[in-house]
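One structure is given here, and the rest of the page talks about it.
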Amino acid sequence: RTSNNPVGDLIDWIKHNSSFTIVDPSTGEEEKREIRYNIVGFNSAKFDHFFLCQEAANRGDLSDVMYVNNSILSFSLYGHKPLDICKYLVCPLAAACAKFKTVPEKLAGFSHELPQKAFDAGGLEGLKKWFADNDRLQVRYSKYDVLSLADLTTKFSQGISKITGGASIFNYMTIGQMAYKLWQKTQTGSNDEKHHLYKLYQEAKEKNEKFE
């Protein structure tokens, strides 16, 4: 948090950290390479994405927006794309972190009703005062959310890749879209692809039945 516009700060950071330069030690020649980020959130399609898109649109840097049912499922920010993990794991973040045994766990004991009550009682100024008075609490809570979500995303994406034979959650906006695209392969792909996907499905089904 370096200013009164944290969303703008994030966009500035992404913009200025979208490439890096490597130097060939033998020739001294420089080569610029692009970086592509996955902007990951939880339930962000209904919340965070709106703030990001508004700020990016104000700067003229927003493109390829996909808006469906009061949700911004996708957009492009300097070529970087978002991913709302909640569109795959339809449950509270705390429940998902518990199931996947994330390190750290999602921090418990914080109620969103507290800042909401501050806002209801004193409007925006009341909310600002609450944040100022509870700075350490909300910063700690936010950091734990970010770290637990990062571990959740890593474990979930690795698991999906394993049971689907290499499919990446970062290539699809929702679990429905992923399932449909994989199903299409069973209808239009080669016999080897069909057999491979069916075998993976059977293995995953057997493991799930043993777990239950």
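The values are calculated or read from the model by the stated rules, or taken from the named source; none is laboratory data. Keep in mind that what you see is a predicted model, and the values were worked out from it rather than measured. A quick note on method: Cβ atoms are made from the backbone with ideal geometry, for glycine too, and the neighbour counts reach across all protein chains shown. For the accessible areas, the whole protein counts, side chains as well, though only heavy atoms, and no ligand, DNA or RNA atoms are used. Shrake-Rupley method; radii C 1.70, N 1.55, O 1.52, S 1.80 Å.
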*May I ask you to work out the translational diffusion coefficient for the chain at 4 °C, viscosity 1.567 mPa s, via Stokes-Einstein with Rh from the Kirkwood sum over Cα pairs, reported in whole µm²/s?*
64 µm²/s
_Accessible heavy-atom area order of Y172, Y144, Y88, highest first, probe of 1.4 Å_ = Y144, Y172, Y88
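At a 1.4 Å probe radius, carbon and sulfur cover how many percent of the accessible area of the chain? Kindly include the intermediate steps, with their values, before the conclusion.
Numbers: 7820 of 14370 Å².
Ligands and nucleic acids excluded, carbon and sulfur reach 54 percent.
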_Residue-averaged [θ]222 nm for the chain, counting only DSSP H segments that reach four residues, each worth -39500 (n - 2.57)_ = -18500 deg cm²/dmol
*Please build a GNM for the chain, connecting alpha carbons under 10 Å apart, and tell me which residue among A150, A179, A94 fluctuates the most.*
A179
_7 Å from Cα along Cα→Cβ at both E30 and K181: what's the point-to-point distance in nm?_
3.6 nm
*Under a point spin-label approximation (7 Å from Cα along Cα-to-Cβ), what is the A150-I163 distance to one decimal in nm?*
2.6 nm
*What's the extension gain from L137 to K117 if we count 0.36 nm per residue and subtract their Cα-Cα distance?*
5.6 nm
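Provide the per residue accessible area, probe 1.4 Å, for segment 1-102, rounded to a whole number of square angstrom.
Details: 6380 Å² over 102 residues.
Per residue, segment 1-102 has 63 Å² of solvent-accessible surface.
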*Gain in length, W13 to N38, computed as 0.36 nm per residue apart minus the alpha-carbon separation, to one decimal in nm?*
7.6 nm
*asked:* Under the 0.36 nm per residue contour assumption, what length would be gained going from the current alpha-carbon distance of N5 and V23 to full extension?
replied: 3.0 nm
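What do you get for GluC sites (Glu not before Pro) in segment 1-93 restricted to DSSP loop and a cutoff of at most 15 other Cβ within 10 Å of the site's Cβ? Could the numbers behind the result be given before it?
Working: sites: E29, E30, E31, E34, E55; in loops: E29.
Filter output for segment 1-93: E29.
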